[in-house]
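Worksheet: the structure to be examined is printed underneath.
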Amino acid sequence: MNSMQCWFRQVVRLRAFVTTSYAALAALARMSRIPGLATLSLLLIAGAANAQLCSGVQSFARRPIQVRAAASFDTVSRTAVGGVRIGGRGAFGDLELGSSHIKAYDASSFVVGALIAYQVALGSNGKIQFCPAASVGFNIGPNNIQDSGVDYRANGWGLGGGIGVLATHTPQIDLLPTLSVTFVHATQRLTDNTATFTTSTSRSSEVIDLGVGFVRRQQLSFKPILSIGLPGGATGFAFALTYSLGHSE
């Protein structure tokens, strides 16, 4: 087989993969959920004086540093992230790193997310909180998908807010139902390693999250979340575990 035949076969193979990949890329976009960036909706949360009502977790008061782990599962991807949050009585920030397995490509992507947010009390008793927030996220990889020479990238940003309510308070456990709505805009891109082929797609969507936080002694919390993408997006399930570093004074 001469070099021209090898080159021709490689071009045919690349075109076939590109056709399949573009279909997968379009399918991902239609489902209103960008792999890995689905965790943006998990990040769009904020704090409160006695508890972080909007996020359904414990307060930053006396323990300004928190570590957390979160995982999400839907028809597009499986994502797991870990991160650090630092905050005070009002504003706080969040940085998270993780991995997302993209089902369409049967490969994993490195995920980076960051957030800034602020708390606003509704009412004088402090049992209801509204929290506006903004976040960004990036998918890096997978590269050389299925030995095709094609790399995947995605990036997105989100703006939204959440409401949380202190439904039950005991010395051991607080129960915190939450509702958040996030507007997400994301772009996905496929590029071959010779930079001769690039295709991309962008989509804006809304994500609604319904959750319930179980907070133990204001230091450890567990929160299951139902996530719904609109319009006509995928429904996913997620959970988050948050631990506050240090001891109360």
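Only the coordinates and a few stated rules stand behind these numbers; no lab work does. Everything quoted here is computed from the prediction, not taken from an experiment. Cβ coordinates were reconstructed from backbone atoms using ideal geometry, including for glycine residues, and neighbour counts include every protein chain displayed.
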Summed side-chain charge close to LYS223 - residues other than LYS223 whose Cβ falls under 14 Å, Lys, Arg +1, Asp, Glu -1:
+1
Once a ≥ b ≥ c are taken as the square roots of the eigenvalues of the Cα gyration tensor of the stretch 109-249, is the result rounded (a/c under 1.5), prolate (a/b larger than b/c) or oblate (a/b not larger than b/c)?
prolate
Centre separation in Å (Cα based) which lies between the stretch 153-208 and the stretch 51-125:
10 Å
